[in-house]
Amino acid sequence: SGLTIPSGGTLTVASGGTINITGATQTGFGVALNTPDFLAATTSSSTWTTSYTIFTFANVISESDAGSYNTSTNRFTVPTGKGGTYMFAINFNVNTGIGWGVKTLKNSTTELWWSMDNYAPYGGTRVITGVCIAELAAADYIEWHKWGSTGFTGGADSVYGVRLHA
């Protein structure tokens, strides 16, 4: 015995209602909404220049949708059918020198997150984290850019992202 809803049919549960599937076999619920997700990192200390250049995250550590983070272009691209609200974060190291800037860009032009500092890191390395949330459609892409004043050095860096909901 059981309830079968025909193809194209709808099951409506009233506000406050509950569907209890504890202990039952659960099938057909589809792919989790919190994909795609990825984590990429630099493979060595970053080179910073006096003009904005793209971060090179050559090591994909984790990726739910193969190829969504491309190490050739250093971009995350929203796969077909995976538009929605995304969260991205970048971790970068500030080692020596004075003056740096980092930004997260959508489609190479729209700034989603930006930070700049004209501070010398007294006494060692600092790790900075920048987080942003963006509404993205299929084929939108995200990239991360950096600049540093003469003599500025960074360390190992990483970037990650996840779709929060469709």
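The values are calculated or read from the model by the stated rules, or taken from the named source; none is laboratory data. Remember, it's a predicted structure, so these values are computed and weren't measured experimentally. Backbone-built Cβ (ideal geometry, glycine too); neighbour counts: all protein chains shown. The protein model used for the area step is the full one, side chains on, heavy atoms only, and it has no ligands, DNA or RNA in it. Shrake-Rupley method; radii C 1.70, N 1.55, O 1.52, S 1.80 Å.
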Checklist outcome for this item: Lys and Arg at +1, Asp and Glu at -1: neighbours of M87 with Cβ under 12 Å from its Cβ sum to -1
Item to check | Using a Förster distance of 22 Å, the FRET efficiency for I98-T43 (Cβ separation, nearest 0.05) | outcome: 0.25
Next on the checklist: What whole-number distance in Å separates the alpha-carbon centres of segment 56-118 and segment 122-165?
Outcome noted: 5 Å
Next on the checklist: Students often get this wrong: which residues of segment 84-117 have the backbone nitrogen under 14 Å from the point 7 angstrom along Cα-to-C-beta of S64?
Outcome noted: 84-88
Next on the checklist: Less than 21 Å apart at the alpha-carbon level, and either on another chain or at least 8 residues along: which lysines does that give for K146?
Outcome noted: K103, K106
Item to check | Kirkwood-based shape ratio for segment 64-166, expressed as Rg/Rh from alpha carbons | outcome: 1.02
Checklist entry - Can you tell me the accessible area per residue over the chain, all protein chains present, probe 1.4 angstrom, in square angstrom? => result 56 Å²
Checklist outcome for this item: Sorted by accessible surface (1.4 Å probe, heavy atoms of the protein chains only), largest first, V159, V127 come out as V127, V159
Item to check | Extension gain from V13 to T150, taking 0.36 nm per residue of separation minus the Cα-Cα distance | outcome: 43.1 nm
Item to check | segment 37-96 - percent of accessible surface contributed by carbon and sulfur, probe 1.4 Å | outcome: 49 percent
Checklist entry - Using 11 Å as the cut-off for backbone N distance, which residues of segment 129-162 belong to the label zone defined by a point 7 Å from the Cα of T53 along Cα→Cβ? => result 146-148
Item to check | Solvent-accessible surface ranking, highest first, for L11, L136 at 1.4 angstrom | outcome: L11, L136
Next on the checklist: Using a 1.4 Å probe on the protein heavy atoms only, what accessible surface does S68 show? Give it in Å² to the nearest 10.
Outcome noted: 10 Å²
Item to check | Extended-chain gain in nm, criterion 0.36 nm per residue less alpha-carbon gap, A139 and D117 | outcome: 4.7 nm
Checklist entry - When only DSSP loop residues count, what chymotrypsin sites (Phe, Trp or Tyr not before Pro) in segment 67-147 have their Cβ near at most 14 other Cβ atoms within 10 Å? => result Y119, Y122
